[in-house]
1. Could we say that residue B:215 is within 11 Å of another protein chain (Cβ to nearest Cβ), surrounded by fewer than 21 Cβ atoms within 10 Å (Cβ to Cβ), farther than 30 Å from residue B:14 by Cα and more than 19 Å from the chain's Cα centre (by Cα) here?
2. Residues to consider are B:83, B:4; find the one that is closer than 16 Å to residue B:138 by Cβ and surrounded by fewer than 23 Cβ atoms within 10 Å (Cβ to Cβ).
3. Residue B:22 is checked against (1) at the interface with another protein chain (Cβ under 9 Å from one of its Cβ atoms); (2) in contact (Cβ under 8 Å) with a residue 60 or more places away in the chain; (3) under 25 Å from residue B:119 (Cβ atoms) and fails just one. What number does that condition carry?
4. Only one of A:93, A:55 is modelled with pLDDT under 95 and within 20 Å of residue A:172 (Cβ to Cβ); which?
5. Since residue B:261 meets every condition but one in (1) touching a strand residue (DSSP E or B) at 6+ places or on another chain (Cβ under 8 Å); (2) not in a helix (DSSP H, G or I), which condition does it not meet?
6. In region B:27-36, is there at least one residue being buried (at least 20 other Cβ atoms within 10 Å of the Cβ), touching a helix residue (DSSP H, G or I) at 6+ places or on another chain (Cβ under 9 Å) and at pLDDT 95 or above?
7. From the list A:263, A:250, A:179, A:245, pick out the single residue that is away from every other protein chain (no Cβ under 14 Å), within 27 Å of residue A:102 (Cβ to Cβ) and surrounded by fewer than 19 Cβ atoms within 10 Å (Cβ to Cβ).
8. Answer yes or no as to whether residue A:204 is within 30 Å of residue B:20 (Cβ to Cβ) and not in a strand (DSSP E or B).
């Protein structure tokens, strides 16, 4: 079971490279082709919804998308006032964009996805998410995110929704990329990024934390539970050009009540996400 | 991959009965025998520690034990003053007992495990946990927990650390068992119990919540992230004979700082565990 792979079209093994992994039982295989960048696979399951995999690694399912997309979108947007300009790097399944565009305070949402085949597949198989591209505030770009970010500026929020940055998207956790993000942001702009599981992949955090803490005045790991992502103890990263953020008092009941269909967040839950447990806090302190 | 099983002594598949499951890669198989009650398996892995499985379902590993045992022990104990009398139902790996006995406020800790073979295996392979049985406050009983609880009284805390109560230990989520717990507790006593994953097993909660809410003045699901437990979104249940509990202000930094080697808890994290996300809160409200 080493390496992600499919068995006879019936099981997909997400092997994680550790002595532990997940598997999914396919009910109906809908799409399974190699693009210029990766194997793209979409299938329906009996109990865990419709699933998108990239290189047979679990990316998202309709059952659990809120656990990942809600913190990625609603946490950084709470930190900004109206007329918010957002840039999503990656995010080709349209899930983050759909949540971003729920906010009337957003005036512009750019999304830059590397692989056009992911866009086409999402339009076909996740149309409830891709429908948000009809919103007049939304613009799609097919490009390398690290190059694209050089062409934009005056951003309030950058959301980096890539494949695993320690394996497939190393550039997106490099010092040069973070410098580009810093430049593209307004003076009090913020970043939200997927980094890694905090149980198995502390080495990824060990590379990221010294880099971001030397560039950004304020930063914090945000630990959220995400079903089907390896151990479920998933780690996002929040960055800010202002010392005054994150201001968690902005994620209050009034803010959350304005988000239609919210599934995973309460003010106390978000405070918990930003509070590092001792096992992680001791580690972060060691690095800084 | 339906049903939990071992493949050629190298992989153990924890199938969950859903279209999703976990697997573990065995490095050294240490024990694999059937007791009067269940298949007991202990093995070492490369990256996820030493693992105890019962009927090839994941129970605990040395890597993640704190994620489960800390909330089970330290949350209910915070709600009681000194001279605390604790009864653990199940818990044969000694993990919960070890954490309970870290508290100088505990005067007595009874543990009632059904399967004597689990005790023997734990003494051999998890001696860092079973060492706590030498503590003079500790007493072990081999018995059916539901019968044993009828023989004790004046308890401050009951901790129910069983195998999956929806599959193997149905009696422990029955009305008659909860009535026995209610009787065995002091007037302001509390219960902490493992129930089920909140993503796949809402039907288990649908059985438990109406029962406990009719018996106990105060009750709350406690949602903790536990690596390797199905989706990782794990659900415990807190019950109290007093309206005034849980009083989360008692789980403050001073309380937590007195617990040696604490790994997973901060005051804000615990508040997050007790705050039901909308997807679960809407469901609980529907049941009550």
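The values are calculated or read from the model by the stated rules, or taken from the named source; none is laboratory data. Here the structure is a predicted model, which is why all the values come from computation and not from measurement. Counting neighbours? That spans all protein chains shown, and the Cβs are built from the backbone with ideal geometry, glycine included.
1. Values: within 11 Å of another protein chain (Cβ to nearest Cβ): no; surrounded by fewer than 21 Cβ atoms within 10 Å (Cβ to Cβ): yes; farther than 30 Å from residue B:14 by Cα: yes; more than 19 Å from the chain's Cα centre (by Cα): yes.
Considered against the rule, which asks whether it is within 11 Å of another protein chain (Cβ to nearest Cβ), surrounded by fewer than 21 Cβ atoms within 10 Å (Cβ to Cβ), farther than 30 Å from residue B:14 by Cα and more than 19 Å from the chain's Cα centre (by Cα), residue B:215 comes out as no.
2. Working: B:4 fails: closer than 16 Å to residue B:138 by Cβ.
Checking each option against the conditions leaves just B:83.
3. (3)
4. Details: A:93 fails: modelled with pLDDT under 95.
Step by step, each of A:93, A:55 is checked, and only A:55 is modelled with pLDDT under 95 and within 20 Å of residue A:172 (Cβ to Cβ).
5. (1) is the only condition that residue B:261 fails.
6. Narrowing region B:27-36 to residues buried (at least 20 other Cβ atoms within 10 Å of the Cβ): none.
Within region B:27-36 (the criterion being buried (at least 20 other Cβ atoms within 10 Å of the Cβ), touching a helix residue (DSSP H, G or I) at 6+ places or on another chain (Cβ under 9 Å) and at pLDDT 95 or above), the answer is no, since none of the residues qualifies.
7. Numbers: A:263 fails: away from every other protein chain (no Cβ under 14 Å); A:179 fails: within 27 Å of residue A:102 (Cβ to Cβ); A:245 fails: surrounded by fewer than 19 Cβ atoms within 10 Å (Cβ to Cβ).
Within the list A:263, A:250, A:179, A:245, the selection yields A:250.
8. Working: within 30 Å of residue B:20 (Cβ to Cβ): yes; not in a strand (DSSP E or B): yes.
When the stated conditions are applied, residue A:204 passes them.
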